[in-house]
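Here's the structure, in structure tokens; my notes come after.
The values are calculated or read from the model by the stated rules, or taken from the named source; none is laboratory data. From a predicted model like this one, the values you see are computed outputs, not experimental measurements. Cβ placement follows ideal geometry from the backbone for every residue including glycine, while neighbour counts extend to all protein chains displayed.
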Amino acid sequence: MTSGSGGKETSLHVRRTRGARRNRLQIKRLKSLSLKAHGFQNHHSSVDTEEGMSERKSTHEGLAFGHVSVMGRRRVMEDSAVVAPPVGFSGEYAFFAVYDGHGGAEVAESCCERMHICLEKLIMDQKAPLEEEFDWEKVMAECFRSVDQEFAAEENAAEMGSTALVVLVGKEEVVVANCGDSRAVLCRSGAAVPLSKDHKPDRPDEKQRIEAAGGNILNWNGWRVQGVLATSRSLGDYSLKPYVISEPEVMVTKRTESDDFLIIATDGLWDVLCNRVACQVVKNCLGGMWSDGTGAQAAAAALAEVAIARGSRDNISVIVVQLN
């Protein structure tokens, strides 16, 4: 072996060692944060920590929830999340969202600032008479389109983008609007119920839509639109339009007494955990079977910890909302 190759080996070993140490520190901090989960504080109480990690814990209208974001094995943090600003008719809905940026964090951060404000305005502008059913699909589509168009004038807008998963929790229903490959899962009667569908380029209907618009799906370290983007829908990404669209898929689910909790997370979690296992981790935490704490905050921390341990290579943002 030449000295040059030996130097590369040493450099690679140092990077891997540093990465492993960073992940151990993240897991240690996650455990520390989860111990603080007892007794939620007023909403929007938050703690920012090192290594791209943040914690938020609170309650809203009887809902207890916890949020954790970790940088994971990435060099930069491009995830963003919003928890529980009240929106809708007299603030009847709690708003939860995760945004997974790519090409930079700017679009995800802008979504954090704008999406819930835009949605609140649209809901009030298009409020239906009491005897009519509210058109959530129309309102969500207009909201995502409006926020997406605001990025057009921003620098480097053609190459930057973000997925967006918005969840509204009301007393009678849960409204989910998804654009990208983040995911919302409901635990009902102990079983995992997906409330969104991942927008992957190789999903048959997405592949057909993209090819009908003149685009291509190429396998370049995974299936990608034009060989570039690993999600088929997002906000921003103007260089890939019309193949990559900002239109969300919307699902409205009536709440029942059997609804236990929601998991709302970016693909850094779902890349390594299936819906069933993720729900089992949360059930263990809420049932007191997780040694580092109980409650929604401990559950969010546990999910991120398990994802890191299973080798997730992406940023991880998780929100857990208790419904009962």
Looking for whichever is buried (at least 22 other Cβ atoms within 10 Å of the Cβ), modelled with pLDDT of 55 or more and either of a type in the set (S, T, N, Q) or not in a strand (DSSP E or B) (or both) here; the options are Ser34, Ser90, Ser80. Which one fits? Ser80
If you take the residues of segment 272-298 that are closer than 20 Å to Asp100 by Cβ and in contact with a strand residue (DSSP E or B) (Cβ under 6 Å, 6 or more places away or on another chain), which of them is surrounded by the fewest Cβ atoms within 10 Å (Cβ to Cβ)? Asn275
Mind listing whichever residues of segment 94-150 are among the polar types (S, T, N, Q) and surrounded by fewer than 16 Cβ atoms within 10 Å (Cβ to Cβ)? Gln126, Gln149
Could you list all residues from segment 210-226 that are of a type in the set (D, E, K, R) and crowded, with 18+ Cβ neighbours inside 10 Å? Arg224
Of all strands (runs of 3 or more DSSP E) completely enclosed by segment 179-260, which ones contain at least 3 residues that are of a type in the set (A, V, I, L, M)? 183-188, 191-194, 249-254
Segment 304-324 residues that are within 12 Å of Leu273 (Cα to Cα), paired with ones that are in a loop (DSSP other than H, G, I, E, B) and among the basic types (Lys, Arg) (beta carbon under 9 Å, 6 or more apart): Ile308/Arg73; Gly311/Arg73; Ser312/Arg73
Within segment 105-116, does at least one residue satisfy the condition of being within 16 Å of the chain's Cα centre (by Cα), in contact (Cβ under 8 Å) with a residue 12 or more places away in the chain and part of a loop (DSSP other than H, G, I, E, B)? yes
The lone exception for Gln280 - which of (1) farther than 14 Å from Gly66 by Cα; (2) of a type outside the set (D, E, K, R); (3) assigned to a loop (DSSP other than H, G, I, E, B) it fails: (3)
Is it the case that segment 118-139 has a residue that's more than 26 Å from Gly227 (Cβ to Cβ) and within 17 Å of the chain's Cα centre (by Cα)? no
